[in-house]
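Here's the structure, in structure tokens; my notes come after.
No lab work stands behind these numbers, since they all come straight from the coordinates. Remember, it's a predicted structure, so these values are computed and weren't measured experimentally. A quick note on method: Cβ atoms are made from the backbone with ideal geometry, for glycine too, and the neighbour counts reach across all protein chains shown.
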Amino acid sequence: MKRLGIISLFVILFVAFIAVWNYSYQMGSEEAYVPLEPAQESIIIPTEYGVFQRSQHALDYENMPFDYEHQRSLETYYKNRAFPGAPPTIPHVVADERNMGDNSCLKCHENGGFVEKFNAYTPVTPHPQLTNCRQCHVPELTSGEFKPNSFVKKQVLGAGNNNALLGSPPVIPHQLQLRENCLACHAGPSAPVEIRVSHPERTNCRQCHVPSDTKVQEIKSFTRNKKE
Ligand code: HEC
Ligand code: HEC
Ligand code: HEC
Ligand code: HEC
């Protein structure tokens, strides 16, 4: 009887020890789960954020075959733009003259693809977030409304000679405003052939490509400032 009492005492002590230890272990490990700061509170630089906008499609772009029959060139690209950087006019009929602010344009222009009716690939919009498309894009209805004047389109630098050395990454010859989303214009079958990128999978474009800064074009021989 006495022995049984001693054994059950030890069993009770052992169970109590396990319970207390378990409780304090859990309390201890709970502190390791201090909630991290929610991701959306981290600072996102707007112009840099856009660089990653279509990254999830990079490998699809990489594996897309070339369709030599339906390629755009920079020449046709600039045809329906009043000047470089101007919103292109809509070169096709739109079903409803008043459709605004819904997804009727994004059905085709969000991800692109071939449209039999227009016999062309749909250019992907670099700004799917600006849903009110026809605020800026209008069809061209007339060709002789304005008096001839002295306006001349600004010439662009064009593609193919923006690198310092053969094989070095070309600088970005254009502004970044409304052009943050690189893959929209530079990848896939709707990209003008001269600027269709050979490496859409490299994700962080601006790691290697920097905007051209015309201010530093005139680099003379470098002289160190003398101490006064
Ligand atoms: C059925 C699919 C489809 C729909 C819907 C559609 N588009 Fe298009 N869009 C195209 C195709 C294809 C082209 C290329 C036409 C060409 O190159 O001849 C194009 C070209 C354009 C261009 C010229 C882009 C450039 O880089 O030159 C603009 C601007 C445009 N569309 C705006 C719109 C707007 C605004 C809407 C909605 C009112 C719209 N589109 C609806 C298929 C579509
Ligand atoms: C605030 C004005 C504005 C709105 C709204 C707008 N766009 Fe644009 N869009 C522009 C400008 C400006 C450009 C020319 C950008 C450039 O060349 O740098 C452009 C370029 C484009 C291009 C040609 C991309 C290329 O390959 O160069 C397409 C396609 C396009 N927009 C479609 C759309 C669609 C579809 C919508 C609606 C979902 C839309 N845009 C809403 C101003 C706008
Ligand atoms: C609205 C469409 C559009 C967007 C968006 C865009 N580009 Fe461009 N890019 C062009 C065009 C068009 C050219 C050809 C030169 C010109 O017409 O200014 C070009 C030229 C270039 C060139 C020079 C290519 C060569 O062979 O010389 C580089 C590099 C470049 N872009 C990088 C970028 C990067 C990086 C981004 C994203 C931050 C970007 N582009 C976003 C349209 C675009
Ligand atoms: C690791 C550095 C690096 C990254 C990241 C990078 N590029 Fe390039 N890019 C280069 C180099 C180097 C060249 C020159 C290639 C040559 O001359 O063979 C080049 C060439 C280009 C060209 C000229 C056409 C061509 O393909 O040769 C364009 C347009 C371009 N890059 C756009 C982009 C875009 C858009 C992205 C983001 C998806 C990007 N690059 C990411 C290094 C890079």
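Could you sort out which of K79/K117; K117/K153; K79/K154 sit more than 23 Å apart by Cα distance in this structure?
K117/K153
To the nearest 0.05, how large is the calculated FRET efficiency for Q135 and D67 if R₀ is 35 Å and r is the Cβ-Cβ distance?
It comes to 0.65.
How far apart, in nanometres, would the label points at S212 and V94 be if each is projected 7 angstrom from Cα along the Cα-to-Cβ direction?
Each label point lies 7 Å from its Cα, and together they span 3.3 nm.
Length gain on complete extension for the stretch Q56 to L106, per 0.36 nm per residue less the alpha carbon to alpha carbon distance?
Gain in length upon complete extension: 16.2 nm.
By how many nm would the segment from A86 to R3 grow when fully extended, if each residue of separation counts as 0.36 nm and the alpha-carbon distance is taken off?
Here the segment from A86 to R3 would lengthen by 20.3 nm.
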